[in-house]
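Taking it in order: structure first as structure tokens, then the write-up.
What follows draws every value from the coordinates through simple rules; no lab data is involved. Keep in mind it's a predicted model, so treat the numbers as computed, not measured. Glycine also receives a Cβ, built like all others from the backbone with ideal geometry; neighbour counts cover every protein chain displayed.
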Amino acid sequence: MTNQVNMDIINKVFKNHKDKKIFVATKEHNTNSTKENKAPWDVKKNCFLTWSNEEKLLDLNELNKWIPEFHPGCGFITGITTNDSNGSPYPSVQCLDFDDVLKDGEPKNPKIDDLLNRLDTYTEISASDKGLHAVILSDYKGPEWGFDDKTFCKGKYYSKDHFIKLTGVVYKNFNKSIEYVNERNVRILKERIGNIVNLPKVSTQSNFSGPFKSWRKILEDCGIPYTDTNYTNQVRVYEDSKTKLCVESLKIECPNTENHTQLSNPYESAHKAILCRWEDGTSSLTCNHNACSPDKKPNLLQMLWDQIHYKENYKKLKMAGWIK
Ligand SMILES: [Zn+2]
């Protein structure tokens with residue numbers, strides 16, 4: 001944990017925004033509360049302010065003047081819009097706030113670096129040493145949103161009224177200027193990392209009433225290969241002699257093959273899973289590999305949806321020119 005702010009970096013990164021009153025000096029309240037206890041600090045009067053105090057906002061020059069003397073923390077408020085000298089609105093500073101994504105300075109999931117490479121914007125390590133802040137400029141005015149580790153990391157997108165504490169500790173080589181991301185690309189970004197949060201939880205032996213589109217169409221649209229099986233239109237009989245008609249059945253690569261021990265079974269068929277849609281609208285994805293046995297409870301359908309969304313969004317990002 002560090003409370004020291006590297007003002008050299010902050011000054012460099014925010015140099016085009018130094019006249020904007022978006023910065024706040026903060027201090028920690030001395031409370032035993034485990035909740036967030038930092039508050040805006042009035043550097044001139046030496047007292048705490050509330051977040052609604054207009055006078056909490058400083059420009060970069062003011063911040064520089066006071067920071068060395070008082071060593072409080074500082075940061076910026078997301079979403080404050082200003083006008084340029086001609087009166088046209090300027091995009092606001094917004095932030096992707098990744099929580100608990102680093103271990104010993106490395107991302108727990110390499111997809112975070114992929115995403116940051118595409119964003120190519122100033123990114124710093126948060127005061128906890130475990131989080132990241134990717135700072136962008138945007139006109140996006142939609143709702144803020146959260147993403148969780150069912151996607152590939154936890155975090156939030158802050159577009160308005162949130163205080164982001166700055167450290168000036170640059171993450172890897174993201175010592176960049178703050179990049180502009182247009183509204184459309186923010187929405188693509190959202191789909192890329194936030195969309196899956198709202199999907200229902202499904203189990204291996206699944207109950208998921210899908211938005212149906214056939215599986216065939218879903219897989220084709222995102223480029224996941226499949227073959228037909230002969231279960232389609234067959235009736236499955238359960239122990240209690242209830243029956244269920246299989247309306248669609250396809251064989252795909254098991255989305256959990258990463259956890260299959262390849263050596264223990266070299267046959268390709270050992271890494272295939274059967275995807276079925278039943279007459280009641282539920283789907284199931286079953287793999288006979290040990291790694292996917294029900295007691296291990298891998299969520300195969302969720303894994304498949306992760307794959308589908310990853311591929312779909314990869315396609316969209318490519319179309320939008322985010323990936324070469
Ligand atoms: Zn499997």
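What is the antiparallel percent of DSSP beta bridges lying wholly in the chain, to the nearest 5? Mind showing how you got there, number by number?
Numbers: 53 of 55 bridges.
Beta bridges within the chain, antiparallel portion: roughly 95 percent.
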Under the Karplus curve 6.51 cos²θ - 1.76 cosθ + 1.60, θ = phi - 60°, whole-Hz ³J(HN,Hα) for segment 107-112, x wherever Gly or Pro sits: x, 5, 10, x, 4, 5
Which far-off residues, 5 or more places away or on another chain, put their amide H under 5 Å from the one on Val247, with H placed in the peptide plane? Asn233, Arg277, Trp278, Glu279
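If I take every Cα pair under 8 Å that is 6 or more residues apart in segment 215-319, average their sequence separation and divide by the length, what percent do I get for the relative contact order? Before the final figure, lay out the partial values.
On the way: 138 pairs, mean separation 25.6, N = 105.
That works out to 24 percent.
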I'd like the orientation of helix 60-70 relative to the chain: the angle between its Cα long axis and the longest Cα principal axis, in ° from 0 to 90, rounded to 10. 80
Kindly write out, for segment 123-137 in residue order, the coupling ³J(HN,Hα) from the Karplus curve 6.51 cos²θ - 1.76 cosθ + 1.60 (θ = phi - 60°), rounded to whole Hz, with x marking Gly and Pro. 9, 10, 7, 6, 4, 7, 6, 10, x, 10, 10, 9, 9, 10, 10
Over the chain, the sum of -39500 (n - 2.57) across DSSP H runs of at least four, divided by residue number and rounded to 500 deg cm²/dmol, gives at 222 nm -6000 deg cm²/dmol
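How much net charge surrounds Lys176 when only other residues with a Cβ under 13 Å from its Cβ are counted (Lys, Arg +1; Asp, Glu -1)? Present the calculation step by step, with values, prior to reporting the outcome.
On the way: positive: Lys12, Lys15, Arg118, Lys172; negative: Asp120, Glu124, Glu179.
Charge balance in the 13 Å sphere: +1.
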Which whole-Hz ³J(HN,Hα) couplings does segment 221-229 yield from phi under the Karplus relation 6.51 cos²θ - 1.76 cosθ + 1.60, θ = phi - 60°, glycine and proline marked x? 4, 10, x, 9, x, 8, 10, 7, 10
Degrees between helix 300-319 axis and first principal axis of the chain (Cα, 0 to 90, nearest 10): 60
Interchain or sequence-distant (5+) residues whose placed amide H lies within less than 5 Å of the amide H of Tyr171 are Thr123, Glu124, Ile125
For segment 143-168 versus segment 292-311, the gap between their alpha-carbon centres in whole angstrom: 25
Beta carbons within 10 angstrom, averaged per residue: use that to sort the peptides 43-51, 5-13, 272-280, highest first. 272-280, 5-13, 43-51
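Rounded, prolate or oblate: which one fits the chain, using the alpha carbon gyration tensor with axes a ≥ b ≥ c (rounded when a/c is under 1.5, else prolate when a/b beats b/c, else oblate)? Don't skip to the answer; put the middle values down first.
Values: a/c = 2.72, a/b = 2.41, b/c = 1.13.
It comes out prolate by the Cα gyration axes.
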Please report the relative contact order for the chain, taking Cα pairs under 8 Å with a sequence separation of at least 6, and give it as a percent rounded to a whole number. 14
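Provide the FRET efficiency to the nearest 0.05 for the Lys45-Tyr90 pair, computing r from the beta carbons and using R0 = 35 Å.
Details: r = 30 Å, r/R0 = 0.84.
Computed FRET efficiency for Lys45 and Tyr90: 0.75.
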Place +1 on the Cβ of every Lys and Arg and -1 on the Cβ of every Asp and Glu in segment 7-197, take the dipole about the Cα centre, and give the residue among Pro143, Val101, Phe14 whose Cα lies farthest towards its positive end. Pro143
Give me the distance in nm between label points sitting 7 Å out from Cα along the Cα-to-Cβ direction at Glu183 and Lys251, one decimal. 4.9
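Let's see if you can work this out: charge +1 on each Lys and Arg Cβ, -1 on each Asp and Glu Cβ, no other charges. What is the dipole magnitude of the chain about its Cα centre, in debye to the nearest 20? Intermediate results must be reported in sequence, preceding the final value.
Working: 46 positive and 43 negative charges, 67 e Å.
Once rounded to the nearest 20, the dipole reads 320 debye.
Applying a 10 Å radius around every beta-carbon, put 238-245, 304-311 in order of their mean neighbour count, most first.
On the way: 238-245: 8.9, 304-311: 18.4.
In descending order of packing, they fall as 304-311, 238-245.
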By how many nm would the segment from Asp240 to Met7 grow when fully extended, if each residue of separation counts as 0.36 nm and the alpha-carbon distance is taken off? 76.9 nm
Set the Förster radius R0 to 56 Å, insert the Cβ-Cβ distance between Asp221 and Glu28 as r into 1/(1 + (r/R0)^6), and round the FRET efficiency to 0.05. 0.65
Taking 25 Å as the cut-off for C-alpha to C-alpha distance, list the pairs among Lys103/Lys156; Lys111/Lys172; Lys108/Lys141; Lys56/Lys165; Lys12/Lys130 that go past it. Lys108/Lys141
By how many degrees, between 0 and 90 and to the nearest 10, does the Cα long axis of helix 183-193 differ from the longest principal axis of the chain? 50
Amide H of Cys254 versus every other amide H placed in the peptide plane: which residues, excluding those fewer than 5 positions away on the same chain, fall under 5 Å? Lys272, Ala273
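Between Thr286 and Ala320, what is 0.36 nm times their sequence separation minus the Cα-Cα distance? Round to one decimal in nm. Walk me through the numbers on the way to the answer.
Numbers: separation 34, 0.36 × 34 = 12.24 nm, distance 3.54 nm.
Between Thr286 and Ala320, full extension yields 8.7 nm more.
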